[in-house]
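Remarks on the structure that follows.
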Amino acid sequence: MGIAFIVIGFLLIGVSVIFSIADLQNKKKKGVTELTKKDLRSLILLAAACGVGGLLTNIGYSFSGNWNPDAGHWVMLIIGGFLFYASVYAFAITFYLRYWWKSLPEEQKKYNGLFLILSGPMMLLTFILAGEGMAPYLTYPLVKGFAINGDGFTWTTPIHEASGGLNIPWYGVLIVAGAFLAYKLSDNNFYKKYGKHGILDSIFLIAFPAGILCARLWYVVGNWNGDGQGGVNFAEEVAAGRWWRIFAIWEGGLTILGGAVGGILVGSLFFIFRRRYSDLRFAFDAVVPNILLAQAIGRFGNFFNHEVYGKASDMSAWPLVPTWIKYNMATGWANGMPISTQMYAPMFLIEAVLNVLGFFVIVYLIPLIWRKGRALGNSLSFYLIWYGVVRIIMEPMRDPSYNMGKDGSWSVWNAMVYIILGVVALIALQTIAYVRKKKGLPVEMGTPPELLAKQAAAAEKEEEPAPSVLPTKKAPSHKNDFAKPKAIPHGEAKPEEPKEEASESGDPTEEE
């Protein structure tokens, strides 16, 4: 009975989402630019169907698990299940319309953006509500991933690891999901400015793995001589010939502080050499704050792995934390339930909340307060300062077994370096903006793509040989509108071009 409810529920959810996306894609291909009232009614009905699917799924879980919920938990299961899956559907559809369907009229874009913003908190609140209804009946610790090996398909937990085969932890899934969200938000910021998607594709494919590598190397350097709590001593491992453990990411050990610095640095260098038409400082504003959201999502991987937590205290000290989080952060379990009311401080949750708050402060609050004189690119400065302060606040709360270095001060010093770099970047960016303003230079560096295209076309026309001259090597064709063309020499006469065309191209400037 319970399995039947779960299957029907998942079918309703899947069919609702797939049908909606397919229908919208079909309309987009046909050139439809506006959703009709019929389309909106259809989306509302499909959202309700998705909610019913979630409700049936929760009921199926209760039946298959032989739960015996009281009236209060039944209400949370039913209402939470319906509203959570309906809000997930709303978030998915509005996210799709926001970032893939650019032809909507302004009024519909405005309402779609409003529903996108509202669906996020609604999704979170209803997930907590549904979780509270399930909390007393789940088995702890919660599943941390799955494995496919000689034993077939098995779920893995912090106390039941997989032996060999393909092992997929939620930690890795969440890191990739956070990176994808950050990429889409950044890509949308570039689209608003340049009217083109994909500008960041190659940069993302280089910066993301570089960030993972730097996160690992930062961890290895910090724990080169061990962490004082029985962790890996990499100096001893290398001396014993087990140097490969330096790269054993699957054993755990990534430092966000190192990963962020590495990803930003490599991405910036690639951007400077391959996206010269755009100002790197604009890229800082468009990309860097989104890293905070990626980090917030990735931190939930620590929750499922039951790692990087704080010191133990009684569950009553955390009244606002959902029950299922408390039970999963317990100091131990027996028969699928906590052995006591002691739990580790949920560091992942504290940092995730502070990171999301930092995103809104940097992207919305600071620009609202500091409207005049704020330099382009200052989001990088505020990110470094914000995250450095967050880590300094949190490090003393950390369980000693997760401190880096023998004396546990490595992360604190790293956080202080973040703050110092942020202050230096703030001063440097403000100085660059001030000097450019005093010299009467444009706010942004780089040559706009449309001017690059005109320069390329004009340069080719200028270098074409006259009919009476023997053929010479023709100037290269700039097929890429974003490539750096040869600038038109100032002051040269162009008798073969009409004056109107010459005045249209204007006085091009060299790329800075």
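Between the stretch 334-365 and the stretch 269-315, how many Å separate their Cα centres? Taking the Cα centre of each part, the stretch 334-365 and the stretch 269-315 sit 16 Å apart. How high is the FRET efficiency from Glu34 to Glu236, r the C-beta distance, R0 51 Å, rounded to 0.05? E between Glu34 and Glu236, to the nearest 0.05, is 0.15.
Contact order for the stretch 192-349, expressed relative to its length and based on alpha carbon pairs under 8 Å spaced 6+ residues apart, stands at 20 percent. Normalised by residue count, the stretch 2-137 yields a Cα convex hull volume of 94 Å³ per residue.
When peptides 152-160, 178-186, 343-351 are ranked by their average number of other Cβ atoms within 10 Å per residue, the highest-first order is 343-351, 178-186, 152-160.
Report the local net charge at Val287: Lys and Arg +1, Asp and Glu -1, summed over other residues whose C-beta lies under 15 Å from its C-beta. Mind showing how you got there, number by number?
Numbers: positive: Lys184, Lys192, Lys193, Arg274, Arg275, Arg281; negative: Asp187, Asp201, Asp279, Asp285.
Net of charged neighbours comes to +2.
What full-extension length gain, to one decimal in nm, is calculated for His197 and Asp151 as 0.36 nm per residue of separation minus the Cα-Cα distance?
Working: separation 46, 0.36 × 46 = 16.56 nm, distance 4.42 nm.
Net length gain for the segment: 12.1 nm.
Only Lys, Arg, Asp and Glu carry charge here, each on its Cβ (+1 for the first two, -1 for the last two); on that basis the stretch 2-137 has a dipole of about 720 debye about its Cα centre. Spin-label model, Ala317/Glu444: points 7 Å from Cα along the beta carbon direction are separated by 5.0 nm.
May I ask which of Lys109/Lys326; Lys192/Lys437; Lys29/Lys193; Lys30/Lys109 have a Cα-Cα span longer than 31 Å here? Going by Cα-Cα distance, Lys109/Lys326 fall outside the 31 Å limit. Residues whose amide H lies under 5 Å from that of Gly310, counting only those 5 or more places away or on a different chain, are Ala345, Met347, Asp399; hydrogens are built 1.01 Å from N in the peptide plane.
Considering every alpha-carbon pair of the stretch 156-236, the percent of pairs per 10 Å bin, from zero through the bin containing the longest distance, is 14, 27, 33, 17, 9, 1. Other residues lying with their Cβ under 10 Å from the Cβ of Asn414 contribute a combined charge of 0, Lys and Arg counting +1, Asp and Glu -1. Close amide-amide hydrogen proximity is noted between Thr156 and Lys144, Gly145, Phe146, Ala147, each under 5 Å apart and 5 or more residues distant or on a separate chain (H modeled in the peptide plane; Pro and chain starts excluded). In this calculation the C-beta distance from Met1 to Thr341 is compared with R0 = 41 Å, giving a FRET efficiency of 0.75.
Using a cut-off of 14 Å between beta-carbons, work out the net charge of the residues near Lys192 (Lys and Arg +1, Asp and Glu -1, Lys192 not included).
+3
Rule-based calculations on the coordinates, nothing more; no lab input. Owing to the predicted nature of the structure, the values given are computational and were not obtained by experimental measurement. Reconstructed Cβ throughout: ideal geometry from the backbone, glycine too, with neighbour counts over all protein chains shown.
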